[in-house]
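Worksheet: the structure to be examined is printed underneath.
The values are calculated or read from the model by the stated rules, or taken from the named source; none is laboratory data. Keep in mind that what you see is a predicted model, and the values were worked out from it rather than measured. No Cβ is skipped: glycine too gets one built from the backbone with ideal geometry, and neighbour counts run over all protein chains shown.
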Amino acid sequence: MEDVDTGPPPTSAVLMSISKHIAVRCKKPNAAFIACKKVDRNPEACLSQGNAVTSCTIDVLKEANSKAPEEFKKYTDCMDYYSNKFKKCRKEQAAFEEAFPISIAPVTP
């Protein structure tokens, strides 16, 4: 898998595969971004919160690529092949989540 800093942006299959991890591990920056957007619809007003969400997501992707590269690749390849249908990739999902548990400590405080 490409380095997330220098490679192309993650595909929908990659983001769908890591979505549960992002939801758990980037909960605080996501909540801050949503709260900011509710207060101010001006796109510039929430740039720092948006950058925090992006940074957290990149950190989760890097960690998944370093701790469970084979399992992550198999899972994302399956999701890509089956048009992001989770039910078709449960075996690969289970292997990935065993190698890279969702419940590990959050990336952000």
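Condition (residue is more than 26 Å from Glu92 (Cβ to Cβ), modelled with pLDDT of 95 or more and in contact with a Phe, Trp or Tyr (Cβ under 9 Å, 6 or more places away or on another chain)) applied to the range 62-72: is it met by at least one residue?
Within the range 62-72, none of the residues are more than 26 Å from Glu92 (Cβ to Cβ), modelled with pLDDT of 95 or more and in contact with a Phe, Trp or Tyr (Cβ under 9 Å, 6 or more places away or on another chain).
Table: residues versus (1) out of contact with any helix residue (DSSP H, G or I) (no Cβ under 6 Å at 6 or more places or on another chain); (2) of a type in the set (A, V, I, L, M); (3) touching a residue at least 12 places away in the same chain (Cβ under 8 Å); (4) not in a helix (DSSP H, G or I).
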site: Thr54; (1), (2), (3), (4): yes, no, no, no
site: Asp59; (1), (2), (3), (4): yes, no, yes, no
site: Asp80; (1), (2), (3), (4): no, no, yes, no
site: Cys89; (1), (2), (3), (4): no, no, yes, no
site: Ala94; (1), (2), (3), (4): yes, yes, no, no
